[in-house]
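Chemist: First the structure, then my questions, so here it is.
The values are calculated or read from the model by the stated rules, or taken from the named source; none is laboratory data. All of these numbers come straight from a predicted model, not from anything done at the bench. Quick reminder, even Gly has a Cβ in these numbers, built from the backbone with ideal geometry, and neighbours come from all protein chains shown. Side chains included, ligands, DNA and RNA excluded: accessible areas come from the protein's heavy atoms. Shrake-Rupley method; radii C 1.70, N 1.55, O 1.52, S 1.80 Å.
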Amino acid sequence: MSSPSPLQSAMLMGAPCFPNAIAWSEENLIAIASGHIVTILRPDSPYGPRGLIQVFPGEPRILGFVERTDLLSGGLLPTALYRDDKPVVRSISWSPLGMASNSGCLIAVCTSEGHVKVYRPPFCDFCAEWIEVVDITEMLFKYFQCTEFRGTGASSLNFSRVPSIRPCLLKNASSQADSIKPNDELLKKGPLISADEYAYRTAMLYSLVVSWSPLLHVASELCPDPYTSAPVSLLAVGGKSGEISFWRFDQPDCHTIEETKAPTAVKFAGFLQAHNSWITTMSWLLFAFDSSNPLIVLATGSSDGSVKVWLCDKNNLKEVDQTSFLLLEEVITVNAVPVSVLSVTVHAQYPSKMLLAIGKGSGSIEIWLCDISSKEFDKLGSYDAHYYAVTGLAWAFGGRFLCSCSQDNLLRGWILHKCRLEEIPKFSEMPRSNDSTGPSRDAYDSSFGVAVSPGNLVIAAVHCFDIDKLNRMYEGRILRAAIDYFWIGGLQMDVWLKSPFSRCIEELPSYLEKELTYWGTNIIWSLNQYQCLDKALVFWDISAALFAFMDNNSKYVEHLVIKWLSLSFLEFHTNLPLEEVLSRLISRLSDVPSRLLHLLNIMCRRVMLAKLDPDQITKINSKVQNLEGACPVIDEQMTKWIEILLGSERELRERHVCFSFSAVKTTKSHLKSTPSKPGRWYPSGLKQMEQWVALNQEHIRDQLKFIVPKVTREKRFASKRCSAVESCSYCSAAVPFESPEFGFCQSKDCTSDNVQRRKLLRCAVCMEVCPNSPLWFCVCCHRFVFRLAPEPLFRMSSCCLDSESSNRSSSQAVSSKPLCPFCGILLQRKQPEFLLSPAPV
């Protein structure tokens, strides 16, 4: 056995029809453009609940009138002969994390009719169907009505004469931009236009491909500093005319899990004339090698065979035109072979260089290395990879691995070695699920896309079935496609780390020594990528791989984790014993960045202590044990990791307590009135924090012991927001502070000997008793939150008590995305088991 157990395939009831039919979101959801629906599922639950987006025929729009004799002219012939009344999904794209009102991802869907709509997850609607929030095509049509389709080309568009569309709050798809006032006469009676003009207008409204940009920090009139303004994301929509329209989506100031009609702020930004033919594929890339001036690159491909690379001017995105994008290079000029897919990634060894993979309709692949700082472009090679059109390309491990698929049903893996692609032999024959109930691989007919997991350890590919090879009575009636998953963590990626795991390899005779080494180096590489604070924590593939190794009763995982701790936390490159590493780690927790503590907590809960559920871990704490009775039996090995976990969580809680009291010291008036600024963070639960400090005198640092009494003596601390008296939300009885995790009602009915005391949840952030309203939920530690933590808490490099930088950041703090203060993963509203919910761990 050379890899963890194969992941189970997922069956689909609709067949994809276009390239790039699969996309993996930053919150660990997979979307598949399967015929007339978009299927959304979790990779760890192939037969679990799913999300659904159905596409329906759009309403016809009046573009003008033409003479009957012109209907069969060359420009109008395709339109006149069009008879498809059942549109299918043509292109899908996930937004960055945080764009939905619940801080999740939005998804843009483009249909074969050229219509584009944006949907959000049904986090509070209790249904499987995703909710439409923006109709991009309708907004674009209204814009063209304002301009009467004049000057739509980006080169001739004059924004001084064209009425701009101000940001509008869309409550549903039928909402209209408040600044658009089309000519009433034009709506009642369309103009008589030529056949060429009608074809031109049709092409302008016909969209082919969608792609979301990474989060951008853009300066505005109200906030000149781009790094203190709310981030935005651009939705690029490529069409038949060769133009790309850009739509600016603002990240919500406040996130909610209760409001079903939370508005989505979207603004039409402008056009870019990218090509002279159909836009077939687009891909964005963010360069952060200069943190003070990150660069945004857009690569575009066309049906005329050309490929262009554009550098985005993020300071000139208020109104997009040709000056907003600088053409760095026309990598491939116009030729007879159309471009079907593109994939870009930052080179792992050279942060200023981009690797560009180009898939063509002929089945060939071209690889380019682009230096963005010097604007140099080098072709690394061209490869006849497939027999038919390339339908999917995906980079992994910083450009060291490339996966390609095609309509010829071949799935190929490539290693980039010394600027040249080397094919992995028999990659498509890698182990898959041995589920005997599903169709065999022999029934696959073609492949329409590949996607890489956030941790880069898993590849997902979508395949269509040959219906004639399925059981006609059962499978052939409902099955049309399937998603296959492949582990790629055991491949030799030439990563920098060379880990000696020889001590534990003899315990796994079924594993090859080389592949164990590859797994160790690749997993540590993946873990190190999450030290980037802007990368969302999605630990699913890492924990699944490690847990699978744990099932073999070996110490391989423990040695791997110890190696990671030594390198990342202690910066030791020598091999140290387990006891020494853990001992040194406990003594240095205050010097560890918050992001690493979050990774450590997830590693402990989901891997090293995976046999214990979160409730059992909570009971193990000695103070909680006295409240709830006996804790579960644990062995000596697990005790070490429990000590690490509880120490790390106590360190994070201490940082938040210190940060809150520092905010009280530096802000003299924030407790005198109710907060009014949306998104602004204010300290809460100070009395509960004071009592927590009193209960943990033997663990907390002396500086915090000094800060708390100093703040509590001030008169403003007696505010209503810091009340020490808490009451039960069911009977109004007193609830004393006994634990930061929960409280017990002191009602007379609940204090008798024969009645179990009512247990009430406490907020994991402020430690106040949670109200009877929907709460944020962490799927890793199973804690609940109703007041979000401050954003600087997740960016702390160490515990800085009473420092000037801490005081300054606490006085200007804003609420973070809804992230768990102990795990760092995205919080969500807890859903019933029959509804889809993200699983980042």
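Chemist: What per residue convex hull volume, in Å³, comes out for the stretch 289-371 when only alpha-carbon positions are used?
Modeler: Spread over its residues, the Cα hull of the stretch 289-371 gives 95 Å³ apiece.
Chemist: What does the highest-first list of 563-572, 372-381, 601-610 look like by mean Cβ count within 10 Å?
Modeler: Working: 563-572: 17.3, 372-381: 13.6, 601-610: 22.0.
Highest mean packing first, the order is 601-610, 563-572, 372-381.
Chemist: What is the spin-label model distance, in nm, from ASP70 to ASP466 if the labels are put 7 Å beyond Cα along the C-beta direction?
Modeler: 4.8
Chemist: Still on this structure, please answer the following. With every protein chain left in place, what is the accessible area of TRP692 in Å² (1.4 Å probe, nearest 10)?
Modeler: Counting only protein heavy atoms, the figure is 10 Å².
Chemist: Among the listed pairs LYS514/LYS563; LYS563/LYS830; LYS555/LYS830; LYS240/LYS535; LYS535/LYS611, which have their C-alpha atoms separated by more than 24 angstrom in this model?
Modeler: LYS563/LYS830; LYS555/LYS830; LYS240/LYS535; LYS535/LYS611
Chemist: Tell me, how many Å apart are the Cα centres for the stretch 448-493 and for the stretch 1-64?
Modeler: When both Cα centres are located, 11 Å separates them.
Chemist: Here's something else I'd like to know. Considering amide H positions built from the backbone, and no H for Pro or chain starts, which residues 5 or more places from ALA764, or on another chain, come under 5 Å of its amide H?
Modeler: PHE784, VAL785, PHE786
Chemist: In nm, what is the difference between 0.36 nm times the number of residues separating VAL337 and ASP196 and their Cα-Cα distance?
Modeler: 48.2 nm
Chemist: Cα to Cα, under 19 Å, and not fewer than 8 places away if on the same chain: which aspartates and glutamates meet these conditions relative to LYS665?
Modeler: Reachable aspartates and glutamates: GLU654, GLU690, ASP702, GLU714, GLU791, ASP802, GLU804.
Chemist: For the stretch 21-127, with all protein chains present and a 1.4 Å probe, just round the carbon and sulfur fraction of the accessible area to a whole percent.
Modeler: 57
Chemist: Whenever you get a sec, compute what percent of the accessible area on the stretch 539-607 sits on carbon and sulfur atoms (1.4 Å probe).
Modeler: The value for the stretch 539-607 is 47 percent carbon and sulfur by accessible area.
Chemist: Same structure again: Can you pull the percent of the stretch 351-484's accessible area that's carbon plus sulfur, 1.4 Å probe, other chains left in place?
Modeler: Details: 2510 of 5440 Å².
Its accessible area is 46 percent carbon and sulfur atoms.
Chemist: When each pair of different Cα atoms in the stretch 226-305 is counted once in the 1/r mean, what is the Kirkwood radius in angstroms, to one decimal?
Modeler: For the stretch 226-305, inverting the mean 1/r across all distinct Cα pairs yields 14.9 Å.
Chemist: Follow-up question, since we're still on this one. Roll a 1.4 Å probe over the protein chains and send me the accessible area per residue for the stretch 538-598 in Å².
Modeler: 37
Chemist: Same structure, new question: Kirkwood hydrodynamic radius (Cα pairs, Å) of the stretch 1-150? Write down the numbers at each step before the final one.
Modeler: Values: mean 1/r = 0.0565 Å⁻¹.
Here the Kirkwood hydrodynamic radius works out to 17.7 Å.
Chemist: Related question: In what order, largest first, do MET11, MET550 sit by accessible area if the probe radius is 1.4 Å?
Modeler: So, going from the largest accessible area down, we get MET550, MET11.
Chemist: So, R0 is 25 Å and r is the distance between the beta-carbons of VAL725 and SER773; what FRET efficiency does that work out to, to 0.05?
Modeler: Values: r = 20 Å, r/R0 = 0.81.
In this case the efficiency is close to 0.80.
Chemist: Per 0.36 nm of contour for each residue apart, how much would the distance between HIS217 and HIS417 grow if the chain were fully extended, relative to their Cα-Cα spacing?
Modeler: Stretched fully, the HIS217-HIS417 segment lengthens by 68.5 nm.
Chemist: Distance between Cα centroids, the stretch 317-356 to the stretch 393-419: provide it in whole Å.
Modeler: What the calculation gives is 19 Å, centre to centre.
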